[in-house]
Amino acid sequence: MRYRNLFGLLALATLAILTVVSQADALTGLKAYKEVVISIQVTPSPVPVGWLAPKKATLPDPFVRNVQIASSGSAWDVAPGAPVMIAQSSAQPTPVPVQFVAKPDPNAAFLRVIPHPPGAGFYSVPYGTTVIHCAFEIFTYYTNSYKLQDWGYGTTKTGGANSGTFPIENYPTVSDLSWAVPDFSPTFTPYWNQGPGGETTWVGAVKQSQQHCIDLTLVVPNSQPAGSFTATIQYNLYVTLP
Amino acid sequence: MRRYAAVLAAAALIMTTATPQIVHAGPAISSGSAQLNYKILPTVKAQVIPNYLSGFGPTGGLGSGATPTPGPSAVLNGGTVDFGNVVVGYQYLYKYAAQVKVQTNDTAGFVVYGEGATDLNGSNPVPLPATYPIFSTLFWLPSSATNSPFSPATSFNKTNGNPIGLNGVNGIDYSGVGGVPQAMSAVWSSPVAGNLVQGFDYELRLSGTIPPSQFNVYIVYTVIGN
C-alpha cells in the first residue's frame, strides 16, 4: 500500500514537471521574416573646417571695368559681362528597358511592412539626434500565439559589405539607431546588433491581428563622416507550433 | 619743255594739299586691352550597354522563399534588365545592369542624367491604376563586387520631359523643360574630357503595396557637356 502511494505521487510529480517544462519551452518556429531598409543621408557639419583669409592686395585688374572697344551705333554688339549662351552638346543613347514580374507575397497574411518613406526617398539628418515618427508600420497575425522579434542586419555576425558600421554598428558598440512602439511604450531601445536572435518587439495572442507604428531615433556622432548610409533591420515572426 | 614742267609743278601742288586731308580723315589712334572669352564647341558621344558583364542578374529576395534568376529578356551585352519573378515586399539587387560610356572633348567635363521615361507600367494583368511610382521602387548605385540588396542607393525619378514613342522607347524630349533633365536625376559626372566608363547596378525595393503584375519602364540616360 505504501509503495503504491509512493508510485502514485512520483507519477503526479513527473506529470507536473513535464507540464511546467512544456509550457516554458513551447515549441516555436520561424514563420516569416522581412527586411526593412532605412536610407539615410548624413549632411555635412555646419561647423567650418577652416576659414577664408582676407584677399591680399594685388596689382590692379585691367579688366575690372568694362571698356567699350567697338560699337555699331550706341549699343553693344555683345553686352560685356552678360552671360553668353552656347548650345551645350548632348547625347542620348538608346534607353535601357527594365522589367520584372511582381508575385504575391505568400507571407503577407502574417507579416507585412507598411513603409512611410520621406518625400526625398531618404532621411536627411544632421549631426546629433533625430527622431523619426512612424518611420514604418508592421502588421502581424497568426492562428496561434506568436511574437515579433527584430535585430539589426549587417553586423559582423552576419557579414556582408560594410558590416558592423554606422548606424547599426556591432556589439559591444551600441547601435546609433533605436526603436520604440508608441502604442506600447515611449521608451526607445537601441537595435539589437549581436546577430540573429534579437529582441522581442511585441507578442500576439491566438488569431490576434495588430498593426503598429515604429518610431526611430538616430544619433549621428561627430566622428561619423557625411554620406549615404542604409540601416537594415530584420523582423522575424515566430509562431507557437501546434 | 616749259609746259611739261608746269604740269609737274601743278601735280605736286595738288598732292601736297590733298595728302594732309586724307590723313586727318581717319579716327584717332588709341590702344587698350581686351578680354576675349571663347569656347570651342565640344562634342559628346555616349553608349549604354545593358547586362554588360558576365554574372549579371538579380540577387536577394531574402525571406521570400524564392531565389531570383534573370528573366528571359536579359542577355549579355544587351537585351533587358529583366529581374524575372520577384516577390512583393522584398528587396533585390541587379548586378551589372547598365554600363555608360562617354566620349567627349569638352575640357569642362560632362554630367550624365538617368531617369524613368514613365512610372512603372503594369501589364498582365493590368493593375488599377495601371502605373506604380518608380520613385522609391527602382534605385541605382555604382557597380561594385560588394554591393548587396541593402547597399545605399539612389532612387530613379520619373522624368518631367516628354517620352518619345510608346512609354519612351525612343527616349525623352526635354525641349519643353529647358533642355535638360532634373538636377536630382544626375547619376554621374566628370570634370574632365576623355573616354570614360561607369557601370551601374540597380536595386528593386518592392513595398507591400505594389500590385502583382508585370511591370516595365525605360531608363533614359542623357549626357550633357558642361
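No lab work stands behind these numbers, since they all come straight from the coordinates. The shown structure was predicted, so the numbers you read here are calculated from the model rather than taken from an experiment. Virtual Cβ from ideal backbone geometry, glycine too; neighbours counted across all protein chains shown.
Rounded if a/c is under 1.5, else prolate if a/b is larger than b/c, else oblate: which is the stretch B:49-200, with a ≥ b ≥ c the root eigenvalues of its Cα gyration tensor? Since a/c reaches 1.5 but b/c is at least a/b, the shape of the stretch B:49-200 is classed as oblate. Where is the GNM fluctuation largest for chain B (alpha-carbon springs, 10 angstrom cutoff): B:THR137, B:THR209, B:THR159? Among B:THR137, B:THR209, B:THR159, the largest GNM mean-square fluctuation belongs to B:THR209. Using R0 = 35 Å, the C-beta based FRET efficiency linking A:SER145 and B:ASN124 works out to 0.30.
Identify which of B:ALA183, B:ALA98, B:ALA74 has the largest mean-square fluctuation in a Gaussian network model of chain B, with springs joining Cα atoms closer than 10 Å. Of B:ALA183, B:ALA98, B:ALA74, the most mobile in the Gaussian network model is B:ALA183. Charge tally for A:PRO190 (other residues, Cβ to Cβ under 13 Å; Lys, Arg +1; Asp, Glu -1): -4. With K and R counted +1 and D and E -1, the other residues having a Cβ less than 11 Å from that of B:ASN195 yield a net charge of +2. Taking amide H positions as modeled 1.01 Å from N, with prolines and chain starts lacking one, the residues under 5 Å from A:ILE114 and 5 or more places away or on another chain are A:GLU137, A:ILE138, A:PHE139. Listed values for the stretch A:167-178 are Karplus-derived 3J(HN,Hα) couplings in whole Hz (6.51 cos²θ - 1.76 cosθ + 1.60, θ = phi - 60°), namely x, 6, 6, 8, 4, x, 5, 6, 4, 7, 10, 10, and x replaces Gly and Pro. Relative contact order of the stretch B:81-143: 24 percent, from C-alpha pairs under 8 Å at least 6 residues apart in sequence. The stretch between B:ALA145 and B:LEU166 holds 4.1 nm of extra length on full extension. This uses 0.36 nm per residue minus the Cα-Cα distance. Kindly write out, for the stretch B:212-226 in residue order, the coupling ³J(HN,Hα) from the Karplus curve 6.51 cos²θ - 1.76 cosθ + 1.60 (θ = phi - 60°), rounded to whole Hz, with x marking Gly and Pro. Each residue of the stretch B:212-226 in turn: x, 4, 8, 10, 9, 7, 9, 9, 10, 9, 10, 10, 10, x, 6 Hz. Taking every alpha-carbon pair under 8 Å whose residues sit at least 6 apart, the stretch A:143-211 reaches a relative contact order of 45 percent.
One Cα centroid belongs to the stretch B:152-181, the other to the stretch B:104-145; the line between them spans 9 Å. Near the amide H of A:LYS103, within less than 5 Å, lie the amide hydrogens of B:VAL86, B:VAL87, B:VAL88, all on another chain or at least 5 residues away, with H placed in the peptide plane.
Just to verify a number: FRET efficiency for B:ASN77 and A:ALA109, C-beta to C-beta distance, R0 = 45 Å, to 0.05? All intermediate terms of the calculation are to be shown ahead of the outcome.
On the way: r = 42 Å, r/R0 = 0.93.
The computed FRET efficiency comes out at 0.60.
Once you order the gyration tensor axes a ≥ b ≥ c over the Cα atoms, which shape class does the stretch A:120-204 get: rounded for a/c under 1.5, otherwise prolate or oblate by comparing a/b with b/c? Verdict is oblate for the stretch A:120-204.
Once a ≥ b ≥ c are taken as the square roots of the eigenvalues of the Cα gyration tensor of the stretch B:110-165, is the result rounded (a/c under 1.5), prolate (a/b larger than b/c) or oblate (a/b not larger than b/c)?
It comes out oblate by the Cα gyration axes.
Residues whose amide H comes within less than 5 Å of that of B:THR131, counting only those at least five positions distant or on another chain, are B:GLY122 (H built at 1.01 Å from N in the peptide plane).
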